[in-house]
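Only the coordinates and a few stated rules stand behind these numbers; no lab work does. Just so it is clear, the structure is predicted and the values come from calculations on it, not from any experiment. Cβ placement follows ideal geometry from the backbone for every residue including glycine, while neighbour counts extend to all protein chains displayed.
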Number of protein chains: 2
Amino acid sequence: MSLLETIQRSFQSSESETSSIVVVGTVAFDSIETPFGKAERIIGGTGAYISLVASYFTQNINLVSVVGGDFPKSHLKMLNDRGVNTEGVQIRENEKSFFWQGKYHLDMNTRDTLVTDLNVLATFDPVLPDGYKSGDFLMLGNLTPAIQISVIKRMKKRPKLIVMDTMNFWMKHTPKELAEVFTMVDVLVINDAEARELTHEYSLVKAAKKILQMGPSYLIIKKGEHGALLFHESNVFFAPALPLEEVFDPTGAGDSFAGGFIGYLAKTNDISYDNMKRAVIYGSAMASFCVEKFGTERLTELTEDDIEERVNDFVDLVQFDIALVD
Amino acid sequence: MSLLETIQRSFQSSESETSSIVVVGTVAFDSIETPFGKAERIIGGTGAYISLVASYFTQNINLVSVVGGDFPKSHLKMLNDRGVNTEGVQIRENEKSFFWQGKYHLDMNTRDTLVTDLNVLATFDPVLPDGYKSGDFLMLGNLTPAIQISVIKRMKKRPKLIVMDTMNFWMKHTPKELAEVFTMVDVLVINDAEARELTHEYSLVKAAKKILQMGPSYLIIKKGEHGALLFHESNVFFAPALPLEEVFDPTGAGDSFAGGFIGYLAKTNDISYDNMKRAVIYGSAMASFCVEKFGTERLTELTEDDIEERVNDFVDLVQFDIALVD
């Protein structure tokens with residue numbers, strides 16, 4: 001099948017063939033400063049990015065999150081308009097939304113977190129509407145391991161695939177709970193520094209071997225501008241990041257990757273290793289859009305042609321005609 | 001053509017089909033310390049690595065270099081035994097060979113140069129035996145731009161392809177001469193830090209655009225453990241580095257890349273962009289062997305099967321079945 005056919009099949013397949021996704025993650029205000037400018041209190045959060053990006057692949061997305069009374073209804077409506085069900089987003093009228101403020105360094109690879117106001121997140125107890133509880137795919141954005149465990153336990157049936165993100169903070173502060181989540185999921189998505197911290201191994205190959213013994217069958221290690229590695233059993237697949245002229249704002253790139261990854265898997269309803277490779281390419285493509293403008297801006301204006309062209313750029317980038325020996 | 005067929009054709013093709021390579025570079029003593037151990041006064045230098053690696057692809061390699069009387073004849077014989085012509089390696093009996101000593105940091109990505117004794121290199125004036133002067137491919141290892149220019153001018157006919165390496169030192173100290181070499185070559189091979197220093201651009205895409213206007217038609221930017229990018233006109237191709245469990249000694253990895261790159265091009269006698277992509281993969285494969293043991297050790301014991309398997313690993317690493325839209 002050619003790329004064109006693959007993409008056409010991907011976008012033309014009827015709703016009945018696609019699977020539902022439950023996304024758990026923050027919906028927040030972000031204030032961001034990069035060498036290219038500033039954005040104040042724009043929509044952010046792992047749940048927002050993941051569901052927004054996944055909405056390019058399927059219309060059956062169910063978001064679990066919490067916001068305060070200060071969160072504009074227009075932001076939630078934007079998600080609804082893109083096919084994201086926000087019934088599972090609790091609105092606590094008398095509290096404030098989660099707020100994050102960060103400033104990127106000149107090289108865009110490092111950032112300082114200036115403010116993290118948990119607000120509503122401090123006491124977040126995820127509630128799953130009944131319609132969510134039989135979801136096919138479950139995407140656990142970076143949250144406390146305790147919340148991630150709660151969500152898995154509150155599903156009526158074990159989802160076909162559970163994907164989780166996490167961060168170094170939980171490795172340090174709640175290692176036991178984190179180890180428990182690892183035993184409950186299929187795919188772990190973390191970055192290279194986190195993989196090293198988790199295993200005390202500098203070699204990512206050694207780190208991956210250790211992590212695959214902790215529970216997940218699949219491990220994705222994101223290396224930012226250096227691409228992403230997918231590990232499964234003794235296999236490894238590498239997807240490059242697209243070399244870009246400018247990176248305006250890296251915020252949300254990792255969540256965009258996750259959204260594209262799970263969105264593509266749900267759309268194609270195929271969790272084979274070969275399809276996961278394709279999903280990693282789609283995730284990388286969506287991340288490459290994310291960084292082109294501030295916050296979620298670029299992710300609200302894409303067309304199917306844009307995504308098709310971008311995936312084609314990835315094919316061009318790594319394609320060479322030495323065929324595989326079977 | 002399958003990989004197997006490609007490789008078989010590559011190794012089975014008769015001598016008459018392959019082209020000759022002239023390699024100019026240092027032949028030296030290296031003393032190396034890494035977290036895994038030490039090696040004292042082993043054979044090193046860009047010319048040694050490049051010609052040794054290229055010898056896996058063609059037996060028509062002509063090395064131009066200089067050593068002192070202290071340099072063991074057995075080292076040169078090792079190169080001769082691998083098919084490298086050392087007629088162009090001057091031996092200055094009463095002088096000392098170039099000596100480099102370095103120590104790698106724990107992460108293996110950075111190193112301190114502890115000693116650089118130029119010795120014979122300080123007054124090196126390359127002499128090309130007559131048999132070298134009609135070489136098809138010319139590989140200029142990292143040396144002063146003045147020496148690189150001399151070699152080009154001393155060739156009887158313009159080689160089919162001229163590839164050059166350089167380093168940040170020449171960008172700072174002899175920028176005019178370096179700019180002149182750029183106008184005389186076809187392919188420039190440098191690392192990411194050097195590309196940024198040369199252009200004052202952080203984005204490698206922007207840096208590449210600027211460099212391609214300085215003379216070379218092709219630019220390879222090596223990113224160490226993060227792979228290599230090949231730029232040509234508006235095209236970009238990315239070859240990953242193989243994720244390895246251990247890197248014992250990175251010394252010579254860049255030169256091994258260059259040796260595999262030019263060796264494959266000479267072997268196949270094809271300088272099309274598509275074949276350069278394959279050459280970048282072969283270069284990456286040879287670099288991945290280099291770092292597995294100290295110095296040149298791993299590069300003296302490879303078999304054709306080893307190389308075939310390693311290239312196959314690269315295919316596995318990036319291969320996914322979304323075909324290219326033409």
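Results, tabulated for the structure shown:
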| quantity | calculated |
| --- | --- |
| FRET E, pair residue B:315, residue A:146, Förster distance 30 Å, beta-carbon r, rounded to 0.05 | 0.10 |
| P(r) of segment A:3-318 over all Cα-Cα pairs, binned every 20 Å from zero, in whole percent | 35, 62, 3 |
| Shielding by other protein chains, A:236-246, mean Cβ within 10 Å | 6 |
| Order of A:202, B:56 under a 10 Å beta carbon neighbour criterion, fewest first | A:202, B:56 |
| Which of A:232, B:173 has the fewest Cβ neighbours within 10 Å, and the rest in rising order | B:173, A:232 |
| Cross-link pairs beyond the 20 Å C-alpha cut-off, checked among B:38/B:293; B:133/B:160; B:223/B:277; A:38/B:206; A:77/A:103; B:160/B:277 | A:38/B:206; A:77/A:103 |
| Residue B:111/residue B:70 FRET efficiency (R0 22 Å; Cβ-Cβ; nearest 0.05) | 0.35 |
| Pair-distance profile P(r), taking every C-alpha pair of segment A:74-143, with 10 angstrom steps and integer % | 15, 35, 34, 16, 1 |
| Shielding by partners, peptide A:310-317 (average Cβ within 10 angstrom, other chains) | 3 |
| Principal axis box of the protein assembly as shown, alpha-carbon based, largest edge first, Å | 86, 47, 43 |
| Cα-projected label distance for residue A:158 with residue B:180, points at 7 Å along beta-carbon direction, nm | 7.2 |
| Top of B:284, B:203, B:31 by mean-square fluctuation, Gaussian network on chain B, Cα under 10 Å | B:203 |
| Beta bridge orientation in segment A:3-318: antiparallel %, DSSP, nearest 5 | 40 |
| Segment B:15-54 - Debye-derived log10 I(q)/I(0), Cα point model, q = 0.17, 0.19, 0.31 Å⁻¹ | -0.56, -0.64, -0.99 |
| Chain B, helix-only ellipticity at 222 nm - DSSP H runs n ≥ 4, -39,500 (n - 2.57), divided by all residues, nearest 500 | -11000 deg cm²/dmol |
| Burial order of peptide ranges B:82-90, A:256-264, A:187-195, A:98-106 (average beta-carbon count within 10 Å, highest first) | A:256-264, A:187-195, B:82-90, A:98-106 |
| Approximate spin-label separation residue A:81-residue A:123, in nm, with each point projected 7 Å along Cα-to-Cβ | 3.4 |
| For A:201-208, mean number of other protein chain Cβ atoms within 10 Å | 4 |
| Peptide ranges A:41-48, A:61-68 listed from the most packed, as the mean C-beta count within 10 angstrom indicates | A:61-68, A:41-48 |
| Which of A:270, A:125, B:165, B:136 has the fewest Cβ neighbours within 10 Å, and the rest in rising order | A:125, A:270, B:136, B:165 |
| Calculated SAXS-style log₁₀ I(q)/I(0) at q = 0.11, 0.15, 0.22 Å⁻¹ - segment A:18-154, Debye, Cα scatterers | -0.40, -0.73, -1.34 |
| When the convex hull of its Cα atoms is projected in every direction, mean area for segment A:272-319 (nm²) | 3.7 |
